[in-house]
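The values are calculated or read from the model by the stated rules, or taken from the named source; none is laboratory data. As the structure is a computational prediction, the values presented were derived from the model and not from experiment. Cβ sites come from the backbone with ideal geometry, for glycine too, and all protein chains shown count toward neighbours. Quick note on the areas: whole protein, heavy atoms, side chains included, nothing else; ligands and nucleic acids left out. Shrake-Rupley method; radii C 1.70, N 1.55, O 1.52, S 1.80 Å.
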Amino acid sequence: MNSFWLIATGFGDSGFLLPAAFGVAIWLAIDRGTRPAAVHWVLLFGACGLVVMLSKLAFMGWGIGSARFDFTGFSGHTALATSVWPVVFWLVALRCAPFVRVSAAAFGWVWAVFIGASRLALEVHSTAEVAAGAALGTLASASFLRLQWHRHLKVRTPRWLALGLVLPLLFFIVGRPAPTQYAMERLAVWMAGIERPFTRSDLLQAREPARAPN
């Protein structure tokens, strides 16, 4: 059963979704008429990613979290999934009727929430972290779709977007997450001047890592 959840959770991994989000930005930026949409996407997705990163650094470096809610930062997989997948499915259905576009975006959110559920099944995140990640990512994707809804976007054929999303799959290996978590741990340790990053058990047991020697 773990293999099933590992496959599902992989579709929320930054190693897959960051290139996918970059592909969306490039796809929108190709034509002059859709470049404002590309700017909106970069700003909203970038803000979402920044909030996730800051929440993780705050916890790993300084232990800023909530033992009561078992919260150590936004679930990155869930935030990325709920920000990217609804937009991707909506863009793929862009030339279809409004009902189809709404249904496509809704399916994207359902799929993203399922990815968030995989984080709970694998016991990587708490309910609070997944819920917070889902809310953050949904805010980003819903804001983007709201901004574009009444615009008559004329984009290149959606199959090119689909091709751009398939390419990261060539590097997708089940159970091998992108090294972003390790990189943030190293950065947090360096910034906070501690020997190791804060962990969930530290938060729940009110412990602090030793300070790094000068």
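Scanning the range 45-54 turns up at least one residue that is more than 30 Å from residue 151 (Cα to Cα), open to solvent by 50 Å² or more (accessible area, probe 1.4 Å) and of a type outside the set (Ser, Thr, Tyr). If residue 96 passes every condition in (1) out of contact with any Pro (no Cβ under 7 Å at 6 or more places or on another chain); (2) farther than 19 Å from residue 56 by Cα; (3) of a type outside the set (D, E, K, R); (4) part of a helix (DSSP H, G or I) but one, which one does it miss? Result: residue 96 passes all but (4).
What are the residues in the range 69-85 that are in a helix (DSSP H, G or I) and either open to solvent by 20 Å² or more (accessible area, probe 1.4 Å) or not polar (S, T, N, Q) (or both), if any?
Correct list: 76, 77, 79, 80, 81, 84, 85.
Scanning the range 137-163 for residues that are of a type in the set (D, E, K, R) and not in a helix (DSSP H, G or I), we see that the one that is modelled with the highest pLDDT is 151.
One residue alone among 134, 112, 117 is more than 20 Å from residue 153 (Cβ to Cβ), open to solvent by less than 10 Å² (accessible area, probe 1.4 Å) and part of a helix (DSSP H, G or I), and that residue is 112.
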